[in-house]
Amino acid sequence: MIILYHPRATRPRSRRLPLAVLALAAALEGKEQYEIVDGNLEDDPTARILELIARHKIELLGVSAMPGPQMVAAMETSREIRRLHPHVPICWGGYFPSIYPDAALNARYVDFVVRGQGEDTLLELLDALRGNRSLDSVKGLSYKDMFGLRHDNGERPMKGPDEFPWSPFHRLPVEKYLGPSFFGKRTAVHHASIGCPFNCSFCGVHAAYGNKEKMESPERTVAILTHLVECYGADSVQFYDMNFFLREDHARELCDRMAHLNLRWWCEARVDIMSRYSDETFAAIKRAGCAMIFFGAESGSDWVLEEMQKGITTQQTLEIARRTRQFGIIPEFSFVIGNPNDPDRDTRETLRFIRKIKRINPDSEIIIQHYTPTPQPHDAGGEMYGKIEVPFPDSPAGWAAKEWMNFTLRIDTNAPWLKRRTKKLIDNFEIVVGSRWPTVQDIRAPRWSRIFLQVLSAWRYALHFYNFPFELHLANQFISLRKPKRESL
Ligand code: B12
């Protein structure tokens, strides 16, 4: 038997379908005996894995790990399984080992690392473990041999979603994953493409997947959504693709095909691409049920956008703020502030820019994060923005330390180029703007709590006075609004 383990990554109320292990399960379905263990669902996933080991012969424990608390949970379980059952081979896949394969393989409890897309690599690894092929013929695999020597096989070319079978939803209690959200009572998730063709210098997708994007056909996306609606009563969906809209003709076709499902939905898109879309396409997107679009606006400085190879302009972001308002779609703008070259100027300009966005479209949701360096792949020159060198930890345990967890979660990167004063300004502005315009996405927050935060913060925002927002910290502690995009534990 093969165990596919998805360690806990979020609070139970934010639990969503574990797409990574579902994609792997699709590759195994009908061919292999396997079991999914989801830490977002089970109280004690390690105990559940131990129970499976006691009852079956386990050929492989496949562990999915994103950087952050999910990696910590992956580490703790893998360590325990290795201690109690040293003969069970353990393979890590997902964003953490794809971006930091060295750190993952340095752990005694990780035998194999799958980099990037995992379906075919997993099948070939199983073949190799059964002696039907050699390990070094498995593309996308890194491993330690019996002498402890490290091998990194070549990259695996990426395949499009249509080349793989559907997720075997019946292997999970889907109803437990369709929780209420701002978008509906039963919100599903779907990934309708894989990868991203852009080279933004701070993004982990490029580092894990290279710079290609392959899209699912509109027919298949709509067939899967129909299944989620008809079999499980989904009334809303969040698309997790990096770029849900890459081509206008594809966007039109998809929206026209899905409109009859009456779903309310959220997706991620780029301001440069969407600012070129016609009014008819915007209207079709709205008609199809789109309620909110996440945009990586990143900075209010064009020189920073250029340096980080983002490929968008501040003018395009303002244009999107205006057009989303015109069509009644809420834009969610994310910023990564405090870049290495001139963080003070970048911060000043970006805070001013956010205020401008709010004037154009007060409904805009604002997400503020600290610029966090991510290793860049060799094909992008391997150099990080600002030519900085970061002493990344060389083991999962190193990454689990508090300072690196804060780094990963973009709470405090401890960046040597960022003065504490500038960091404070970013954090203070975040709390002021987040109180002045509390997110609409926290559906549990009562109306009075939003009004209270708005009243309390109004004078600060009006006077541009962000220093020492003690009262807002206190109020936010009690009200504790959900932080979109920071849904980890
Ligand atoms: C969904 C999601 C979340 C959800 C997770 C929901 C859940 N189900 O638990 C939530 C909202 C909780 C979340 C939180 C965070 N996330 Co997140 N998230 C994503 C997102 C949007 C989609 C991931 C996904 O489902 N992909 C679809 C599946 C099919 O693809 P996949 O995961 O890559 O899996 C494939 C391969 O990796 C491989 N694989 C994966 N696991 C395994 C295991 C084995 C054994 C094998 C063989 C192969 C394998 O095979 C799979 C199929 O091909 C990605 C961005 C993106 N679009 O990819 C960011 C992303 C992964 N997140 C990221 C980050 C930073 C975070 C946070 C740290 C954010 C924060 N500031 O708090 C937290 C940390 C979470 C944690 N607790 O550890 C970054 C990671 C890169 C980086 N820079 O570190 C990403 C890439 C976003 C970005 N552009 O930067 N996230």
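The values are calculated or read from the model by the stated rules, or taken from the named source; none is laboratory data. Computed from a predicted structure; not experimentally measured. Positions of Cβ are generated from backbone atoms using ideal geometry, with glycine treated the same way; all protein chains shown enter the neighbour counts. Please note that ligands, DNA and RNA were not included when accessible areas were found on the heavy atoms of the full protein model with its side chains. Shrake-Rupley method; radii C 1.70, N 1.55, O 1.52, S 1.80 Å.
The table below lists the values:
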item: Size of charge dipole - segment 1-53 - debye, nearest 20, with Cβ of Lys, Arg +1 and Asp, Glu -1, no other charges; result: 360
item: For segment 64-181, Kirkwood radius (reciprocal of mean inverse C-alpha pair distance, Å); result: 15.6
item: Computed label-point distance, nm, for sites Arg359 and Lys402 using a 7 Å Cα→Cβ extension; result: 4.2
item: In range of the label at Leu19: residues from segment 142-173 whose backbone nitrogen is under 16 Å from the point 7 Å along Cα→Cβ; result: 159-169
item: Potential lengthening between His260 and Asp279 on full extension [0.36 nm per residue; Cα-Cα distance subtracted]; result: 4.8 nm
item: By average C-beta atoms within 10 angstrom, highest first, the peptides 275-288, 19-32; result: 19-32, 275-288
item: Euclidean distance between Cα centres, segment 151-197 to segment 1-73, Å; result: 14
item: Placed amide H near Val37: partners under 5 Å, 5+ positions off or other chain; result: Leu4, Tyr5, His6
item: Surface/4 of the Cα convex hull for segment 101-164, nm²; result: 4.6
item: Label-point separation in nm, Asp342 to Leu149, each point 7 Å along Cα→Cβ; result: 5.2
item: Theoretical gain in end-to-end length, Arg247 to Cys231 [0.36 nm per residue, Cα-Cα removed]; result: 2.7 nm
item: Column: log10 I(q)/I(0), Debye, Cα scatterers of segment 271-392, q = 0.15, 0.21 Å⁻¹; result: -0.71, -1.13
item: Surface share of carbon and sulfur [accessible, 1.4 angstrom probe, percent] for the chain; result: 53
item: Span per principal axis, largest first, for the Cα atoms of segment 2-142 (Å); result: 43, 34, 30
item: Relative intensity, log₁₀ I(q)/I(0), of the chain from a Debye sum that treats every alpha carbon as a point, q = 0.05, 0.06, 0.13 Å⁻¹; result: -0.19, -0.27, -1.37
item: Extension reserve of the Val440-Ser134 stretch, reckoned as 0.36 nm per residue once the Cα distance is removed; result: 104.9 nm
item: Protein-only accessible surface order, largest first, of Lys358, Lys144, Lys185 at 1.4 Å; result: Lys185, Lys144, Lys358
item: Calculated FRET efficiency for the pair Asp102/Lys424, C-beta based, R₀ 35 Å, to 0.05; result: 0.55
item: Cβ-isolated cysteines (cut-off 4.7 Å), the chain; result: Cys91, Cys196, Cys231, Cys255, Cys267, Cys290
item: Rounded to 5, percent antiparallel among DSSP beta bridges of segment 178-387; result: 15
item: Probe 1.4 Å, accessible area per residue of the chain, Å²; result: 43
item: Bins of 10 Å, starting at 0 and running to the largest distance - Cα pair percent for segment 332-465; result: 11, 35, 31, 18, 5, 0
item: Where trypsin sites (Lys or Arg not before Pro) fall in DSSP loop in segment 397-449, at most 15 other Cβ within 10 Å; result: Lys419, Arg444
item: Directionally averaged shadow of segment 178-387, computed from the convex hull of its alpha-carbon atoms, nm²; result: 11.2
item: Descending semi-axes in whole angstrom, ellipsoid equivalent of segment 145-223, from the Cα gyration tensor; result: 31, 19, 16
